[in-house]
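One structure is given here, and the rest of the page talks about it.
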Amino acid sequence: MVTMEGVILPGNSTVEFREFEVPEPGYGQVLVKMKASSICGSDIRAIYRAHLGKGPEGYQPGTIAGHEPCGQIVKVGPGCKERQVGDRVVIYHISGCGVCEDCQHGYMISCESSFRAAHGWQRNGGHADYLLAEENVCIVLPDSLSYVDGALCACGTGTAYEALCRVGLNGNDRLLITGLGPVGLAAAQLGKAMGAKPIIGIDVSAARRKLAEDLNLVDYTFEANEDALGKIKGVTNGKGCEVSIDCSGAPAARLLALQGTRQWGRCAFVGEGNTVEFDVSPLLIHQQITIYGSWVTSLYHLQQLVEHLDRWGVHPDITCTDRLPLKGAATAYDLADKGQTGKVCIVFDE
Ligand SMILES: [Zn+2]
Ligand SMILES: [Zn+2]
């Protein structure tokens, strides 16, 4: 039996290594040699600190972690149709039942069937040398994109792209982003490529504001405090932004995103967890604002995203500040948990 080491998350802010059999691809499945497998905020929030996730966010104890996998196909099972050995692929990280309305739309994230399983949650993920995936969720990575680019697209950058598509972001819009963690940075990077200007980023962390500035992804950054709204208004002719997106999940940041949205504007909530409370009439109804909720992305939008990144010459991997080998997984999770860095990614030997 050929084995590999895989990372599991016991749920007490630690990382454990376990021995797993290298799987054999079954019908319609492929075996992918992992090249990059990044850490998402959801891993920290719902699994790493404690197993808080329920339903689709319920972590099956003993499952190999990592739901942002990217690698190269090394074996194809019987019945595979298009994917071949040697293909560089990003894996849409949820396989669904394939027959419900959500799956038909490519939103396997929203599939409610008992057949639904997400890598890193209910089926083995990318924090091991190999990953067993369904052929039909493997998207070929354009040559210009790196494996780290691909990994980031599998959840975080895909989530930012989906939200910007949902609100119809375009070159007429100014963009306000509350929360400059990995998803916020991705929203800035994609928002810029889609023509939004200026882009305003808000965060409590000076390190994260500096990173967004150093990467040249934002036009302004402001500290998240009681002066932030005035500063946002100050650089938008007193009006606020046509589009705002909260990527933090913090109640105060959600409120700020809404307050910083221009009349008739669109506001998206992407950051998970917590609550929000606001005066509905003055802030929402009288402002004629539309609020959107947006959860991860669809298979088709992931495909579209990597195609656009290739065309735009945009590389999500520039937001990856920390790359560690699989052996350094404990450090990687600790860094991601501290929330002061950009994206943290496990990388494998080429
Ligand atoms: Zn995620
Ligand atoms: Zn389904």
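Brief remarks follow.
- Of the whole protein surface, Cys247 contributes about 20 Å² of accessible area at a 1.4 Å probe radius.
- A straight chain from Glu112 to Glu5 at 0.36 nm per residue would run longer than the Cα-Cα distance by 35.4 nm.
- Computed E for Glu101/Asn274 - FRET, C-beta separation, R0 22 angstrom, nearest 0.05: 0.15
- Each residue of the range 237-248 was assigned a 3J(HN,Hα) from its phi angle through the Karplus curve 6.51 cos²θ - 1.76 cosθ + 1.60 (θ = phi - 60°); the sequence is 6, x, 9, x, 9, 4, 10, 10, 9, 8, 10, 9 Hz, with glycine and proline shown as x.
- The residues of the chain present an accessible area of 41 Å² per residue when probed at 1.4 Å with all protein chains retained.
- Pairwise centroid distance, computed over Cα atoms, of the range 157-232 with the range 1-57, Å: 30
- Helical contribution to [θ] at 222 nm, DSSP H n ≥ 4, -39,500 (n - 2.57), averaged over the chain, rounded to 500: -7000 deg cm²/dmol
- Among the trypsin sites (Lys or Arg not before Pro) in the range 35-126, those located in a DSSP loop and surrounded by at most 14 other Cβ atoms within 10 Å of their own Cβ are Lys54, Lys81.
- Near Gln304, once Lys and Arg are set to +1 and Asp and Glu to -1 for all other residues with Cβ below 14 Å from its Cβ, the sum equals -1.
- Distance in nm between pseudo-label sites at Asn12 and Lys33 (7 Å out along the Cβ direction from Cα): 3.7
- Near-label residues of the range 150-178 by backbone N, under 12 Å of a point 7 Å along Cα→Cβ of Gln304: 161-169
- Between 0 and 90°, nearest 10: helix 182-193 axis offset from the chain longest Cα axis: 70
- For the range 123-129, 3J(HN,Hα) computed residue by residue from phi via the Karplus equation (6.51, -1.76, 1.60; θ = phi - 60°) reads 9, 4, x, x, 8, 7, 5 Hz, glycine and proline entered as x.
- Only protein atoms count toward the accessible area here, which uses a 1.4 Å probe; on the chain, the carbon and sulfur part of that area reaches 50 percent.
- Largest-first ordering by accessible area, 1.4 Å probe, given options Trp264, Trp312, Trp121: Trp264, Trp312, Trp121
- Long-range HN-HN contacts of Tyr130 with modeled amide H, under 5 Å: Met34
- Principal semi-axes of the equivalent ellipsoid, √(5λ) from the alpha carbon gyration tensor of the range 94-226, are 31, 17, 15 Å from largest down.
- Amide H partners (placed H, <5 Å) of Ser244, local residues excluded: Leu176, Arg266, Cys267, Ala268
- Potential lengthening of the chain between Lys210 and Ala50 amounts to 54.6 nm, from the contour at 0.36 nm per residue minus the alpha-carbon distance.
- For Arg83, distant residues with modelled amide H under 5 Å away: none
- Here the 3J(HN,Hα) profile of the range 205-215, calculated from phi with Karplus coefficients 6.51, -1.76 and 1.60 at θ = phi - 60°, is 8, 5, 5, 6, 5, 5, 4, 4, 6, 4, 7 Hz, Gly and Pro shown as x.
The values are calculated or read from the model by the stated rules, or taken from the named source; none is laboratory data. All of these numbers come straight from a predicted model, not from anything done at the bench. Please note: Cβ atoms are built from the backbone with ideal geometry, for glycine as well, and neighbour counts cover all protein chains shown. For the accessible areas, the whole protein counts, side chains as well, though only heavy atoms, and no ligand, DNA or RNA atoms are used. Shrake-Rupley method; radii C 1.70, N 1.55, O 1.52, S 1.80 Å.
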